[in-house]
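Working notes for the structure below.
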Amino acid sequence: MAPKSEFSRPTPVRRIGVGGLSVTVEATPEECVHIAARLNLAEVSMLRCKYQLQVGRRNVVTAQGALAARFKQNCVVTLEPFEDVLAGSFTVEFVPEEHFDESGEPDLEAIDQIPYEGDSVDLGEAAIEQFALDLPLYPHAPNAQLPKGLVMKEEEVEKRAREEAQAERVNPFAQLERLRRKDS
């Protein structure tokens, strides 16, 4: 059995009905603290997701979500926390565990599928997973700049390598010149 999610919002499939169902889930301040810890963020102050749900054949639930979040994360340049917001939309399918097939080559163009057991889908956990996927890998605070000289252009690297290679070559006349200067 899977551990309980920091932000669990189970929704019974039977509630969806033929016309679909619109549901909004929002994390409480306490849940936001746990979500921030799980995602290694400095803070999550708001996480909300509005879903439009449709149930199809074999109790497959298609969920179109609109996610909004306000959070703080650490800048990879300055290492200081900064506030950021995220908004986006996504589509997932909740598939009953007995019909879920994870074998084969993953299709990057296909709609993501999430297995569920019992008679409920967890919209809160799906929102956390989508939020984690949407977070930038290398977050930069606005106006954050790398210190000068920290990153070199390819031409600079090649020039420096040539200069170092040149310096390593033994030039007998240069060696004699250095010895002569030492003696004087």
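The values are calculated or read from the model by the stated rules, or taken from the named source; none is laboratory data. Remember, predicted model here, so these are calculated numbers, not experimental data. With ideal geometry, Cβ positions are generated from the backbone for all residues, glycine too; neighbour counts draw on all protein chains shown. These area figures cover heavy atoms from the full protein model, side chains too; ligands, DNA and RNA do not enter into them. Shrake-Rupley method; radii C 1.70, N 1.55, O 1.52, S 1.80 Å.
Mind giving me the FRET efficiency for Arg15 and Lys72? R0 is 41 Å, r the Cβ-Cβ distance, nearest 0.05 is fine. Please list the in-between numbers first.
Working: r = 35 Å, r/R0 = 0.85.
Using R0 = 41 Å, I get an efficiency of 0.70.
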- In Å², rounded to a whole number, the accessible area per residue of the range 38-184 with probe 1.4 Å is 74 Å²
- Cα lying deepest toward the dipole's positive end in the chain, options Val33, Gln175, Cys49, charges on Cβ: Gln175
- Where the centre of each part is set by its Cα atoms, how far does the range 91-167 sit from the range 1-30, in angstrom? 25 Å
- Checked the range 35-76 with the C-alpha gyration tensor, a ≥ b ≥ c its square-rooted eigenvalues, rounded below a/c of 1.5, otherwise prolate if a/b is larger than b/c and oblate if not; verdict prolate
- Task: Using the Cα centre as the reference, give the magnitude of the dipole from point charges on the C-beta atoms of the range 1-152 (Lys, Arg: +1; Asp, Glu: -1; all else neutral), rounded to the nearest 20 debye.
- Result: 560 debye
- Message: Given Cβ point charges of +1 (Lys, Arg) and -1 (Asp, Glu) and nothing else, what value in debye, to the nearest 20, does the dipole of the range 1-87 about its Cα centre take?
- Response: 720 debye
- Note on the structure: Connecting every pair of Cα atoms under 10 Å apart in the chain and solving the GNM, the largest mean-square fluctuation among Asp134, Asp107, Asp122 falls on Asp107
- Could you work out the per residue convex hull volume over the alpha carbons of the range 59-137, in cubic angstrom? 119 Å³
- Collect residues whose amide H, placed 1.01 Å from N in the peptide plane, falls under 5 Å from the amide H of Val121; neighbours closer than 5 in sequence don't count. Thr11, Val13
- To the nearest 0.05, the calculated FRET efficiency linking Leu79 and Glu158 through their beta-carbon distance, R0 being 25 Å, is 0.25
- Query: Taking a probe of 1.4 angstrom, what is the accessible area of His99 in Å², to the nearest 10?
  - Reply: 70 Å²
- Message: Under 5 Å between amide hydrogens, which residues at least 5 positions from Val44 or on another chain qualify, with H placed 1.01 Å from N in the peptide plane?
- Response: Ala36, Lys72
- Name the most mobile residue of Pro139, Pro106, Pro29, meaning the one with the largest mean-square fluctuation, in a Gaussian network model of the chain with Cα contacts below 10 Å. Pro106
- Cross-link reach list, lysines versus Lys159, counting only Cα pairs under 21 Å and skipping chain neighbours closer than eight places: Lys148
- Message: Using a 10 angstrom Cβ neighbour count of at most 10 plus a DSSP loop assignment to flag exposed GluC sites (Glu not before Pro), which longest range of the chain is free of such sites?
- Response: 1-101
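Counting only protein heavy atoms and using a 1.4 Å probe, what share of the accessible area of the range 56-184 belongs to carbon plus sulfur, as a whole percent?
Details: 4920 of 9930 Å².
Roughly 49 percent of what the probe reaches on the range 56-184 is carbon or sulfur.
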- Message: Considering just Cα atoms, how many Å³ per residue does the convex hull of the chain enclose?
- Response: 227 Å³
